Amino acid sequence: LIQFGGPQTPIVAAMVILVGALYGDKGALAACLNHPVCAALGTYSYSMYLTHGLVWTVLFEALRKRGDDVFYTASPAPVIAIGLIFLSVTAGLSLAAYHLVETPGRRALRSSAWWTRWWRPSRSAYPA
């Protein structure tokens, strides 16, 4: 149950504003979300979700083995560099996973007889 003034109030308010801004496909927010970059992020988002944990683990394990304390330096440059490396590698692996694994797998599943029978039964399965 949602209580006014509870910890979820800002989230609910943000959702109400978002729905209002997107209503009728009008407004600046709708225009931003319809941009091709946002559409591409939506397309590759599942692959990004699957690959980011691997990249994060490998990157920080490599830093730990080197003995670098890059997060405890006075300069923000190493942290920014690590962030850019993380984003670049995650984006590259996500694109590769989407085009080499996800898309061919989806096509193979859709064309297989088992999937077709299970997901889209023939009309004869429904008596008139």
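Bear in mind that the values in this text are calculations on the coordinates, not laboratory data. From a predicted model like this one, the values you see are computed outputs, not experimental measurements.
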With all pairs of different alpha carbon atoms counted, what Kirkwood hydrodynamic radius in Å does segment 32-101 show? 13.5
Across segment 56-65, in residue order, what do the Karplus-derived ³J(HN,Hα) couplings come to in whole Hz, using 6.51 cos²θ - 1.76 cosθ + 1.60 with θ = phi - 60° and x for Gly and Pro? 4, 5, 5, 4, 6, 5, 5, 5, 5, 5
